[in-house]
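First up is the structure itself, then whatever we jot down about it.
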Amino acid sequence: MSDPSESRGGPGTGPQGGSGVIVPVGKQVAGEDSILSVVAQVESLLFVADSPVSVARLAEALEITSAQVERALSDLADVYAGRGLRLQRAGSLVQIVTAPEVAPHIERFLGLEARAQLSRAALETLAIIAYRQPITRPEIEAIRGVSSDSVLRTLLSVGLVEEIGRAPTVGRPILYGTTFEFLQHFGLSSLEELPPLDKSLVSEQDEV
């Protein structure tokens, strides 16, 4: 009978390459398995992270280049296609999330309350921020034609938007942008998945 330790790693061992060789964290198997090793290690870091992680931080932790991390992320996204997990990105930040298609089942399994419905004003404001970010409150109000202070407070309280800086203009007004919660709420992997804006609407808003 073979020794189980010959085919199964113990505590602290890294992912396995296609050849069945145990790959310690920080090491790569030469040849084709090296890419798989990086993918597995990036996945493990994202799995234990309690918040979105930057590509630079992943590269630093694994002592590889950002380009290698990006390639690993691309491969990992392909692996997740059609499965219950997704990679979610916002700029250089990335995290592992569950597929939006299974959200109702997860909420029922965890006993979570149904998501609060957003008002029409909140959805309108959220759409403006999503497509025009970073954007200030005066700019939002110029597009909507009404005060948006209370709506912004609501969106901030539910975590769909956040303050991301200040505009380099008189008074340095706050700049707003969407969050990872926004992507999760609408089942998006990144802002690039937002449907294209109607060009006529863009022209009308630019004239405001």
Q. In Å, what Rg and Dmax follow from the Cα atoms of the range 120-207?
A. 12.7, 37
Q: With unit charges on the beta carbon (Lys/Arg positive, Asp/Glu negative), name the residue among L110, A142, Y131 whose Cα is farthest towards the positive pole of the charge dipole of the range 55-160.
A: A142
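Starting from the range 71-123, pick out the GluC sites (Glu not before Pro) whose DSSP state is loop and whose Cβ has at most 12 other Cβ atoms within 10 Å. Working shown, then result.
Numbers: sites: E101, E107, E113; in loops: E113.
Passing sites in the range 71-123 are E113.
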Q | Protection-proxy order for peptides 152-164, 80-92, each taking the mean of Cβ atoms within 10 Å per residue, highest first | A | 152-164, 80-92
(Q) Tell me whether the range 71-180 comes out rounded, prolate or oblate; compute the Cα gyration tensor, take square roots of the eigenvalues as a ≥ b ≥ c, and use a/c under 1.5 as the rounded threshold. (A) oblate
Q | Cα-based shape type of the range 50-118, given that a ≥ b ≥ c are square roots of the gyration tensor eigenvalues and the cut on a/c is 1.5 | A | prolate
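Throughout, read-outs are computed from the coordinates displayed, never taken from laboratory work. Predicted model only: the values in this text are computed from it and were never measured. For neighbour counting, all protein chains shown are included, and Cβ atoms are generated from backbone atoms with ideal geometry for every residue, glycine included.
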